[in-house]
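A.B. asks: My questions will all concern the structure given below.
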Amino acid sequence: MADTASRDNPLENVLERAINEVDGDNVTFGDILDLFGARSFGPIIVLLGMLVTVPPIGAVPGLPMIVGLVIILFTVQIVFGAKRIWVPNFIEKRSISKEKLEAADKKAKPWLKRIDGLVSERITMLTGPWAIYASAVIIIFLALLMIPLELVPFAVAAPGAAITLYGLAIMARDGVLMLIGYVLAAITTAVTIAFVPWDKFSSFFGMG
C-alpha cells in the first residue's frame, strides 16, 4: 500500500503535490482521492491528517469532522479491498482553497523537512500487512475522536498528528514512527477522556 514514489520527502511534498497537480483555485476531497488513488493509503492518510494539524487549515470550523468522516470511509474501504474509494457527494465536493493550502505549506514546510530527515526504513516488520491493518483500525478510532475533540480548542491536532505519523510510517516503512503513533494514539485517548466537555457534546447531538 505504500507509495514508493513519495518516500524521499514524504511529508514535505504531500501538500505541494495537492496544490500543483489539481486544476483550479480550490482542492476538493474528490480531487485528493483521485490524485493519490485507492492504493496510496500512506500518502492520503498523511495529507488528511495534516489538514487538521497544520494551521490555518485545521482551525476551519467543521473541517475536522468532515476530514474524520473521509478518513473513516477511506480506511474502512481500504481494509475491505476497495479499488475505487466512494464518499458521499456532499463530502466529495467539499473544497479547501489553494490559498489556505499554500499558507499551510509555507508555514509547515521547514518543520516537515526536518521530520523527513529523521525518517528511514527501520524495524520494517512493524510496517508489514498485519501492522497496516492494525493501524487502519486505530486510524478509524482516532478519526472518530476528532468529532468530540472539535469542542476543545486546538485538540484535533492530537489525532491529526497521530494519523499523519501512521501514514508516514506506512509510506517510509518506518517502524519507529509506527510505535510513536501508538503512543500518540494513547495520549489522544487520554486527552479526549479528560478534556472533552461531554455534557455539551451530548446536548449538541441531542443525547442530553
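The values are calculated or read from the model by the stated rules, or taken from the named source; none is laboratory data. Quick caveat: nothing in here was measured; it's all calculated off a predicted structure. Here the Cβ positions follow ideal geometry from the backbone for every residue, glycine too, while neighbour counts run over all protein chains shown. The area values use the complete protein model at the heavy-atom level, side chains included, leaving out ligands, DNA and RNA. Shrake-Rupley method; radii C 1.70, N 1.55, O 1.52, S 1.80 Å.
A.B. asks: Mind checking whether some residue in the stretch 96-106 is open to solvent by 30 Å² or more (accessible area, probe 1.4 Å), in contact with a Leu (Cβ under 7 Å, 6 or more places away or on another chain) and either closer than 29 Å to GLY175 by Cβ or assigned to a helix (DSSP H, G or I) (or both)?
C.D. replies: no
A.B. asks: With respect to PHE195, is the statement that it is over 21 Å from VAL70 (Cα atoms) and among the aromatic types (Phe, Trp, Tyr) true?
C.D. replies: yes
A.B. asks: Between THR127, THR189, which is touching a strand residue (DSSP E or B) at 6+ places or on another chain (Cβ under 9 Å), within 19 Å of ILE45 (Cβ to Cβ) and hydroxyl-bearing (Ser, Thr, Tyr)?
C.D. replies: Testing whether each residue is touching a strand residue (DSSP E or B) at 6+ places or on another chain (Cβ under 9 Å), within 19 Å of ILE45 (Cβ to Cβ) and hydroxyl-bearing (Ser, Thr, Tyr) leaves just THR127.
A.B. asks: In addition: Take the residues in the stretch 52-96 that are charged (D, E, K, R) and touching a helix residue (DSSP H, G or I) at 6+ places or on another chain (Cβ under 6 Å), then tell me which one is modelled with the highest pLDDT.
C.D. replies: Checked the stretch 52-96; the qualifying residue modelled with the highest pLDDT is ARG94.
A.B. asks: Would you please name the residue that is modelled with the highest pLDDT, looking only at residues in the stretch 1-35 that are part of a helix (DSSP H, G or I) and open to solvent by less than 20 Å² (accessible area, probe 1.4 Å)?
C.D. replies: Within the stretch 1-35, the first condition is being part of a helix (DSSP H, G or I), and the residues that meet it are 4-6, 14-21, 29-35.
Next, only the ones that are open to solvent by less than 20 Å² (accessible area, probe 1.4 Å) stay: 14-15, 18-19, 29-30, 32-33.
Numbers: VAL14: 79, LEU15: 83, ALA18: 85, ILE19: 88, PHE29: 84, GLY30: 85, ILE32: 83, LEU33: 79.
Among them, the one singled out is ILE19.
A.B. asks: Same structure again: Filtering the stretch 117-146 down to residues that are surrounded by 20 or more Cβ atoms within 10 Å (Cβ to Cβ) and farther than 21 Å from ALA172 by Cβ, which residue is farthest from the chain's Cα centre (by Cα)?
C.D. replies: Checked the stretch 117-146; the qualifying residue farthest from the chain's Cα centre (by Cα) is LEU145.
A.B. asks: Determine whether PHE41 is modelled with pLDDT of 80 or more, crowded, with 21+ Cβ neighbours inside 10 Å and of a type in the set (Phe, Trp, Tyr).
C.D. replies: no
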